There are 2 protein chains.
Amino acid sequence: MAVRIGRHTAVLDRPVYIAEAASSAGKKEGEGPLGEMFDRVYQDSMLGEKSWEMAESRLVKENFDLLLKKSGHTAVDICIAGDLLNQDSAANFGYRDIKTPFIGIYGACSTMGEAMGIGAAFIDGGFAETAAAGASSHFCAAEKQYRAPLGMGSQRPQTSTWTVTGDGAVLLSRAEKKGAPIITEVLTGEITDMGVKDPNNMGAAMAPAAASLLTAYFKETGRTPDYFDVIATGDLGLVGKTLVIELLAAEGYVLDDRYTDCGIEIYDSESQDTHSGGSGCACSALVFTAKYYKMLCDGKIKRMLFMPTGALMSPTTSQQGESIPAIAHGVVIESRC
Amino acid sequence: MAVRIGRHTAVLDRPVYIAEAASSAGKKEGEGPLGEMFDRVYQDSMLGEKSWEMAESRLVKENFDLLLKKSGHTAVDICIAGDLLNQDSAANFGYRDIKTPFIGIYGACSTMGEAMGIGAAFIDGGFAETAAAGASSHFCAAEKQYRAPLGMGSQRPQTSTWTVTGDGAVLLSRAEKKGAPIITEVLTGEITDMGVKDPNNMGAAMAPAAASLLTAYFKETGRTPDYFDVIATGDLGLVGKTLVIELLAAEGYVLDDRYTDCGIEIYDSESQDTHSGGSGCACSALVFTAKYYKMLCDGKIKRMLFMPTGALMSPTTSQQGESIPAIAHGVVIESRC
């Protein structure tokens, strides 16, 4: 049974193993700095489907199948997933043929953190022996839904981020897997809204949510940032990352080079014209599964705080002039190498 | 720690108390057969807000405040909630000022079952001492998003259901509350899609998901329907309920008068012109919190299977000709009276 050590932090009773990870990315992501690290790169953004929405569902399904194949499992006890599309349709249609108990979640780009936290809680609590946790997004489907049809060729401001096409998923397991990293703590964030209204500046909207959960964690545990080799927030991008550093400094916590943001890592912002960085549920999911998971398996990093961050507005609420609520969810992961 | 007794069923180690329940309903619901049972009935469908979407968020916030007030608690450890609006905006904006760790979920009209199951798992596993689980919907916001603008005055076929306006929420607690009913088992459903494509016949789309989880539960536990005083599915309505009875009969299980559907209970279909019944996340949430919760507290029923059912399509997927995936999630609740 887990132990709560503060309002936001629970320490697991027994380690939950991240037994496997799978990453499937789009063409642009494959051309970026992490291109070589992805398990699979799709050159066709339609994946042979007739719509971008169904292309994303296919990505979800094929990455889940890949996760099972890589892990040697034939099934899991429960799947936990979400995405950015209205009514979570990428996940719901992606998992509809998988015939496994399913928990649909909505945390926008914090989804991977939320899914891993719920999965760890279900395993720690005895509700499952194995769980798949995943998150997806698709640039074309997201642009169509959130902003303007691609055919309009709208200009993007420098504060905007680029929605990542891809799916990242992990297989969580109660059974020990030699060398696999473990989840040791689960962090659940609060909705934070500082009044930012610009949907082209989501980094600024989300930074306070990340900063507030980070600060709460350090206060609840008495730890400082140097407890971790890597602290990775979700997809704040360049604008949001700078704000998090400032907000933490104001609380007396220095985030040095060990702090990174998945939104900055996934693209080469200059050569790939992605402005403030990457975003979308798949952003942190891909950076974790393709890069940090392997570094944890290899022992290149020993302890990591993975904290994806989500902007919780809808196009309707933005059109109605509402500000952008945001949230962050995190997991502490340790290498067993 | 919970014990899994099958792929879909987990038995809690210790009882999770449903310490309190709160129900806030719209005008039409207040005029229905359960009208007298709701804690609060709003006569103004806008709740003083400028949009239906924000009216639903206000409903969420005010019902949460009411839940706390009724319970005597000043806060809970975690909130779990969802709704039907794009990007879960009713829940996200409803909970943004509540300053509590938050888990956003999407399960369409199965949301209340999913939220109660996750809440019970978090408490059973030691991640929280108290949790609020809730679900909301709003007729006008849902019609605008899913079907046609109300001003068009479109005709509704007899198979269609009426989206319930309201919010139902429960306060789950590890600490014993004298006389409060307890959650003893959590049932997690799979996505089921039998190819139904008509978004005006969601009962037919969802019935197989409810039937499949019911059948799985009876097979996994060796029990039969008479183990329960009440089995209540989500919002299948008249069409879906009939199908569930037929599907269960084909598996050898007789669902007699102890089987009800929340979508049938909430309106008087003849005098209220609601055709096949009520639907929406708030349908089962209101029927449970306003009616069955009290019957469990009073000992009028001793054991209940509460199983809300959700249709997981989006307007986009329906327009693209896709069928309607569906899911059900359940909790077994016992009276302590």
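Worth pointing out:
- Interface area, chains B and A: about 5200 Å² of buried accessible surface, summed, with a 1.4 Å probe and ligands, DNA and RNA left out.
- Region B:151-190: projected area of the alpha-carbon convex hull, averaged over directions, in nm²: 6.4
- For residues of A:116-123, the mean tally of beta carbons on other chains within 10 Å: 4
- Debye log10 I(q)/I(0) for chain A, one point scatterer per Cα, at q = 0.07, 0.13, 0.14 Å⁻¹: -0.24, -0.88, -1.04
- Of all lysines in the structure, the ones whose alpha carbon falls short of 30 Å from that of B:LYS70, not counting any fewer than 8 places away in one chain, are B:LYS27, B:LYS28, B:LYS50, B:LYS61, B:LYS99, B:LYS177, B:LYS178, B:LYS291, B:LYS294, B:LYS300, B:LYS302.
- Scattering curve values for region B:257-337, log₁₀ I(q)/I(0), Debye with Cα scatterers, q = 0.11, 0.21 Å⁻¹: -0.39, -1.03
- The amide H of A:ILE103, built 1.01 Å from its N in the peptide plane, has A:CYS79, A:ILE80, A:ALA81 as neighbours under 5 Å, considering only residues 5 or more places off or on other chains.
- Between region B:207-280 and region B:297-337, the alpha-carbon center distance in angstrom: 10
- Amide hydrogen neighbours beyond the local backbone of A:THR165, cut-off 5 Å, H modeled: A:GLY26, A:GLU29, A:PHE139
- Across all Cα atoms of the protein assembly as shown, the radius of gyration (one decimal) and Dmax (whole number) stand at 22.9, 69 Å.
- Region B:1-156, relative contact order in percent, only Cα pairs under 8 angstrom and at least six apart counted: 22
- Average accessible surface for region A:91-224: 27 Å² per residue, computed with a 1.4 Å probe over protein heavy atoms with every protein chain in place.
- Hydrodynamic radius (Kirkwood) for region B:33-95, which is based on Cα pairs only, to one decimal in Å: 12.8
- Whole-number D in µm² s⁻¹ for region A:166-251, Kirkwood Cα-pair radius fed into Stokes-Einstein, 20 °C, 1.002 mPa s: 142
- Its relative contact order, with pairs defined as Cα atoms under 8 Å and 6+ residues apart, puts chain B at 25 percent.
- Listed residues A:SER110, B:ILE183, B:PRO101: farthest to the positive end of the dipole of the protein assembly as shown (Cβ charges): B:ILE183
- Dimensions of region B:1-140 based on its C-alpha atoms, expressed as ranges along the principal axes with the largest first, amount to 46, 32, 32 Å.
- Taking every alpha-carbon pair under 8 Å whose residues sit at least 6 apart, region A:201-337 reaches a relative contact order of 30 percent.
- Normalised by residue number, the volume inside the convex hull of the Cα atoms of region B:2-63 is 151 Å³ per residue.
- 10 Å Cβ neighbours from other chains, averaged over peptide B:323-330: 3
- Solvent-accessible area lost in complex, 40 Å² minimum, residues of region A:1-38 relative to chain alone, 1.4 Å: A:MET1, A:ARG4, A:ARG7
- Normalised Debye scattering of region B:122-184 at q = 0.17, 0.25 Å⁻¹ gives log10 I(q)/I(0) of -0.71, -1.08, counting only Cα atoms as equal scatterers and leaving out solvent.
- Across the alpha-carbon atoms of region A:82-138, the computed radius of gyration and Dmax are 11.3, 34 angstrom.
- Within region A:174-192, the residues that become at least 40 Å² less accessible when every protein chain is included than when their own chain is isolated (1.4 Å probe; DNA, RNA and ligands ignored) are A:THR188, A:GLU190, A:ILE191.
- Within chain A, longest stretch free of exposed trypsin sites (Lys or Arg not before Pro) [DSSP loop, at most 15 other beta carbons within 10 Å]: A:100-177
- Mean Kyte hydropathy of 0.5 or more with a Cα span along the axis of at least 18 Å, helices from DSSP in chain A: A:111-124, A:202-221, A:237-250
- Highest GNM mean-square fluctuation among B:VAL16, B:VAL60, B:VAL76, for chain B modelled with Cα contacts below 10 Å: B:VAL76.
- Dipole in debye (nearest 20) - region A:269-337, about Cα centre, beta carbon charges: Lys, Arg +1; Asp, Glu -1: 480
- Along region A:281-289 the Karplus relation, 6.51 cos²θ - 1.76 cosθ + 1.60 evaluated at θ = phi - 60°, assigns HN-Hα couplings of 3, 6, 4, 5, 4, 6, 4, 5, 5 Hz to successive residues, with x for each Gly and Pro.
- Solvent-accessible area of region B:21-116 (1.4 angstrom probe, protein heavy atoms only): carbon and sulfur portion equals 48 percent.
- Separation of alpha-carbon centers, region B:101-125 and region B:1-78, rounded to whole Å: 13
The values are calculated or read from the model by the stated rules, or taken from the named source; none is laboratory data. Remember, it's a predicted structure, so these values are computed and weren't measured experimentally. With ideal geometry, Cβ positions are generated from the backbone for all residues, glycine too; neighbour counts draw on all protein chains shown. Areas reflect the complete protein model, heavy atoms only, side chains present, ligands, DNA and RNA absent. Shrake-Rupley method; radii C 1.70, N 1.55, O 1.52, S 1.80 Å.
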